[in-house]
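Participant: This is the structure I want to talk about, given as structure tokens.
The values are calculated or read from the model by the stated rules, or taken from the named source; none is laboratory data. Everything numeric in this text was worked out from a predicted model, so none of it was measured. All Cβ positions, glycine included, derive from the backbone under ideal geometry; neighbour counts span all protein chains shown. We work out accessible area using only protein heavy atoms, side chains counted, and drop any ligands, DNA or RNA first. Shrake-Rupley method; radii C 1.70, N 1.55, O 1.52, S 1.80 Å.
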Amino acid sequence: MNESPRERSVETPATEREIAALLQRARERGGGAGGNEDISRRRFDAIARVDPTSGLVEVGAGVELARIEREIRVHDLTLGPLSPGMAALDVAGFLEGPYAGLRSLPGGALEPLSIALAAIMSDGLRYVSRASPRSAAGPDLDALFLGGEGRFGLITSATLRLFGRPRTERPAAFSFGSVDGAISFVRASAASGAWLRSAALARHGDRVTAIVEVIGSPEAVERDLATLGHEAFGRSGRP
């Protein structure tokens, strides 16, 4: 007779001290960070401060990204393009999970969403990093927690860098004689620095249409549309 697997309990601590106590209990049982228990950060759900001037927001690890996006909208700010799967995650899940806290930038580059963290390490000590310029040199210990699935410790709060919300959205469609030409166009457009909210391909008879949505400031959108037209022309595409 097979035994059913033991259900794992979910702990919902409200303070960093309670998280440290749970990690201590896990160490005593021989487990790692979290041990035999799931430690939820959903009670760390505060949006502490939004600074529109610097484009930063301080949030608890249990706040969903979709909620942050809604609340910073009034400041004309955004987290940047997020997939539905990303938006449904809380800060802890996005930073510690498979995304490792990375979001895409115009041009296809990746950048950490967070610029500073607070976490309780697996030995119970508190780790705090400070916001620093992108160009700052030196070791970045935040990387131990990003994508670490809680192995080195559990994030409790973070400071996130925001973008100005795009004020203009324009769709554009270009027709190509082959799928390869359409795919090459989309890749080149993203690599050029154009900020694409979405891109899709559709077949119409013997032609393939690339449909893209460009976002940004009015000036940037016009510039990006001109760039897209040039990229399409170079691949025998037409509007």
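Participant: Identify, please: which residue in segment 125-140 is within 17 Å of V59 (Cα to Cα) and of a type in the set (A, V, I, L, M) and is, among those, modelled with the highest pLDDT?
Facilitator: Here the residue is V128.
Participant: For R223, are the conditions met, namely being more than 25 Å from L79 (Cβ to Cβ), open to solvent by 30 Å² or more (accessible area, probe 1.4 Å), out of contact with any Lys or Arg (no Cβ under 7 Å at 6 or more places or on another chain) and of a type in the set (K, R)?
Facilitator: So R223 does not fit the description; no.
Participant: Follow-up. Please indicate, with yes or no, whether at least one residue in segment 81-103 is assigned to a strand (DSSP E or B) and open to solvent by less than 30 Å² (accessible area, probe 1.4 Å).
Facilitator: Yes, segment 81-103 contains at least one residue that is assigned to a strand (DSSP E or B) and open to solvent by less than 30 Å² (accessible area, probe 1.4 Å).
Participant: Here's another thing I want to ask about it. Tell me, please, whether a residue that is open to solvent by less than 50 Å² (accessible area, probe 1.4 Å), closer than 20 Å to G60 by Cβ and in contact (Cβ under 8 Å) with a residue 60 or more places away in the chain can be found in segment 184-206.
Facilitator: Within segment 184-206, not a single residue is open to solvent by less than 50 Å² (accessible area, probe 1.4 Å), closer than 20 Å to G60 by Cβ and in contact (Cβ under 8 Å) with a residue 60 or more places away in the chain.
Each row is one residue, and each column tells you yes or no for (1) among the aromatic types (F, W, Y); (2) at pLDDT 85 or above; (3) out of contact with any Lys or Arg (no Cβ under 7 Å at 6 or more places or on another chain); (4) over 28 Å from G193 (Cβ atoms).
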site: I68; (1), (2), (3), (4): no, yes, yes, no
site: P98; (1), (2), (3), (4): no, yes, yes, no
site: A109; (1), (2), (3), (4): no, no, yes, no
site: L113; (1), (2), (3), (4): no, yes, no, no
site: M121; (1), (2), (3), (4): no, yes, yes, yes
site: D142; (1), (2), (3), (4): no, yes, yes, no
site: G148; (1), (2), (3), (4): no, yes, yes, yes
site: G164; (1), (2), (3), (4): no, no, yes, no
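Participant: Considering V128, V57, V63, which residue is more than 15 Å from the chain's Cα centre (by Cα) and either at negative phi or surrounded by fewer than 21 Cβ atoms within 10 Å (Cβ to Cβ) (or both)?
Facilitator: Of V128, V57, V63, the one residue that is more than 15 Å from the chain's Cα centre (by Cα) and either at negative phi or surrounded by fewer than 21 Cβ atoms within 10 Å (Cβ to Cβ) (or both) is V128.
Participant: Restricting segment 154-183 to residues that are open to solvent by 30 Å² or more (accessible area, probe 1.4 Å), hydrophobic (A, V, I, L, M, F, W, C) and not in a strand (DSSP E or B), which is farthest from D38 (Cα to Cα)?
Facilitator: V179
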